[in-house]
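The values are calculated or read from the model by the stated rules, or taken from the named source; none is laboratory data. Worth saying up front: this structure is predicted, and the values here are computed from it rather than measured. Here the Cβ positions follow ideal geometry from the backbone for every residue, glycine too, while neighbour counts run over all protein chains shown. Accessible surface areas use protein heavy atoms only, side chains included; no ligands, DNA or RNA. Shrake-Rupley method; radii C 1.70, N 1.55, O 1.52, S 1.80 Å.
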Amino acid sequence: GAGVSQSPRYKVAKRGQDVALRCDPISGHVSLFWYQQALGQGPEFLTYFQNEAQLDKSGLPSDRFFAERPEGSVSTLKIQRTQQEDSAVYLCASSSQGPFSSGANVLTFGAGSRLTVL
Amino acid sequence: AQSVAQPEDQVNVAEGNPLTVKCTYSVSGNPYLFWYVQYPNRGLQFLLKYITGDNLVKGSYGFEAEFNKSQTSFHLKKPSALVSDSALYFCAVRDSPHTGGFKTIFGAGTRLFVKA
């Protein structure tokens, strides 16, 4: 597609429920990042994929968070047993360049998925 | 580890006046520096970048940024602000791929208000 698409745009979950957030990156983009943006804060890195390989998941807050990109295109961020502190906007970004490219690796962001946990 | 700081939560400027949004960074190698802008209910949009070369880089919508290696700063500037520039601005840094960097790290953001 023309841009990065994320769904759902808004999700309300009861504490303890599982949620899945989807990201459709720009076609052909090698790199895919997930960020978490709390209200009034900057985006915090969660995880990174190069094609289908998850090269870095150091930013995932706990083992309740899981991300996958099985075919190297669409990615899903799953949060199990949601807690109130998980409430945030989850941003997906993609880039045409690989992780060690000498190019700038400019990120194209989706509009985000706003998760509210009650 | 790389980090980026935006010392101002908010910047207020009158329309037509010059604006500056400050950013300082820390990386282990040569920095790749970026500015992104976020409008309400929209994703972050790329404004400009610095990799190497001229210390003054120009970007979208008339914005420019000045790289200062000795002060480890990358301040965003615009000679004449518009009301439509009001938004949330994020400075970001990526460590050089030669030192293994691939993550882009963002600052906390600076909200710019341009008053008519």
Please list, ordered by chain and number, the residues whose modelled amide H lies under 5 Å from the amide H of A:S87; skip anything fewer than 5 residues away on the same chain.
A:V117
Just order B:43-56, A:81-94 by mean Cβ neighbour count inside 10 Å, highest at the front, would you?
A:81-94, B:43-56
Nitroxide proxy distance, nm - points 7 Å out along Cα→Cβ at B:K115 and B:Q71
2.6
Output row, site B:S84, 7 Å Cα→C-beta label point, backbone N cut-off 12 Å, window the stretch B:40-76, residues B:61-62
Carbon and sulfur %, accessible surface of the protein assembly as shown computed with the full protein complex present, 1.4 Å:
48
Of A:F33, A:V12, A:G110, which is farthest on the positive side of the dipole of the stretch A:5-111, counting Cα position, with +1 on Lys and Arg Cβ, -1 on Asp and Glu Cβ, and the Cα centre as origin?
A:V12
Rounded to two decimals, the Rg over Rh value of chain B from Cα coordinates and the Kirkwood Rh reads 0.97
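Can you tell me the mean projection area, over all orientations, of the convex hull of the protein assembly as shown's alpha carbons? Units nm², please.
So the Cα hull casts an average projection of 12.5 nm².
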Determine the shielding of peptide B:102-112 by partner chains: average, over its residues, the number of Cβ atoms on other chains within 10 angstrom of each Cβ.
6
To check you understand DSSP bridge types, tell me what percent of the beta bridges within the stretch B:3-115 (both residues inside) are antiparallel, rounded to 5.
85
Under 20 Å from a point 7 Å along the Cα-to-Cβ line of A:R15: which residues of the stretch A:44-83 have their amide N that close?
A:61-65, A:79-83
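Once you average over the residues of A:110-117, how many Cβ atoms of partner chains fall within 10 Å of each Cβ?
On the way: counts 3, 4, 5, 0, 1, 0, 0, 0.
That works out to 2 on average.
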What total accessible surface area, summed over both chains, is buried at the interface between chains B and A, computed with a 1.4 Å probe and given in Å² to the nearest 100?
1800
Could you work out, residue by residue across A:41-47, how many beta carbons of other chains sit within 10 Å of that residue's beta carbon, and then give the average as an integer?
5
Taking placed amide H atoms and a strict 5 Å upper bound, the residues 5 or more places from B:A87 or on another chain that come that close are B:L112
Rounded to two decimals, the Debye log10 I(q)/I(0) of the stretch A:5-111 (Cα scatterers, no solvent) at q = 0.15 Å⁻¹ is -0.59
B:N12 to A:R22: FRET efficiency via 1/(1 + (r/R0)^6), r the Cβ-Cβ distance, R0 41 Å, to the nearest 0.05?
0.60
Before I look further, what does chain B give for accessible area per residue, probe 1.4 Å, in whole square angstrom?
47
